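Data block below; observations after.
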Amino acid sequence: MERMVACGRCTARRDEPFVVFMMGVRVNRFLLIWKWLPVLLSLRAMLREVRENRKSGFLGGQTFFSWRSVTLIQYWTSYEDLERYARDPNSGHLPAWRRFNQKVRRSGAVGLWHEAYTVGAAEYEAIYADVPVSGLAKATLHMPAIGGREAARRRALREAARRSTGVPKAACPEDLEKVG
């Protein structure tokens, strides 16, 4: 089923820091299906687990499939929440990680990678034009890109000026014009 297209220029809004977690699974040796299939099935179970447990800190995410790979992009409230989930013996991750290391890792049948980035509240850019709600906007707040959220350069310069001078946000020239 095709998702509805959100018409116009939109953006995502999150007023607190967050973590972008990217992970990939690559099937290297197709014929060793008994090695890589359990990895993919564990991944599916873990996705279900974090989606159902809103207290985990998982905000949302998307999964992408290509010829040999599955790639996930996830958004978390903090690195601490992501790590807490990964190290929790009662979650699906830690037992699956141990099984992978014991039974699969040395076979070369499947490879894993991940990256995690902490992003400040005003230190990201998210623009969506005539596409279904996706990415950060799907995990947080999807809204029209108008006013101060319309141009990335203007936002970045305003935020950099505020940080470098220590001036409160409302005292930035562009914001003062709005107050008037």
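Observations, loosely collected:
- Flag if residue 38 is farther than 23 Å from residue 132 by Cα, touching a residue at least 60 places away in the same chain (Cβ under 8 Å) and part of a helix (DSSP H, G or I): yes
- Of all the residues in the stretch 105-127, those that are surrounded by 11 or more Cβ atoms within 10 Å (Cβ to Cβ) and either under 20 Å from the mean Cα position of the chain (by Cα) or closer than 17 Å to residue 44 by Cβ (or both) number 16.
- Residue 175 being farther than 29 Å from residue 47 by Cβ and either outside the structural domain of residue 25 (by TED's automatic domain parsing) or modelled with pLDDT of 90 or more (or both): yes
Residue by residue, here is whether (1) in the same structural domain as residue 28 (by TED's automatic domain parsing); (2) surrounded by 12 or more Cβ atoms within 10 Å (Cβ to Cβ); (3) modelled with pLDDT of 85 or more holds:
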{"residue": "88", "(1), (2), (3)": "yes, yes, yes"}
{"residue": "94", "(1), (2), (3)": "yes, yes, no"}
{"residue": "103", "(1), (2), (3)": "yes, yes, no"}
{"residue": "129", "(1), (2), (3)": "no, no, yes"}
{"residue": "133", "(1), (2), (3)": "no, yes, yes"}
{"residue": "148", "(1), (2), (3)": "no, yes, no"}
{"residue": "152", "(1), (2), (3)": "no, yes, no"}
{"residue": "157", "(1), (2), (3)": "no, yes, no"}
{"residue": "168", "(1), (2), (3)": "no, no, no"}
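- Top-ranked residue in the stretch 26-42 [being crowded, with 19+ Cβ neighbours inside 10 Å and under 18 Å from residue 98 (Cβ atoms); ranked as nearest to the chain's Cα centre (by Cα)]: 39
- Among the residues listed as 115, 49, 83, 125, the single one being in contact with a Gly (Cβ under 6 Å, 6 or more places away or on another chain) and under 22 Å from residue 18 (Cα atoms): 49
- Qualifying positions in the stretch 98-125 - assigned to a loop (DSSP other than H, G, I, E, B) and among the acidic types (Asp, Glu): 123, 125
- A residue that is part of a loop (DSSP other than H, G, I, E, B), surrounded by 12 or more Cβ atoms within 10 Å (Cβ to Cβ) and at pLDDT below 90 occurs nowhere in the stretch 56-70.
The values are calculated or read from the model by the stated rules, or taken from the named source; none is laboratory data. Values in this document were obtained by computation on a predicted structure and should not be read as measured data. When we count neighbours, we look across all protein chains shown, and the Cβ atoms used for this are built from the backbone with ideal geometry, even at glycine.
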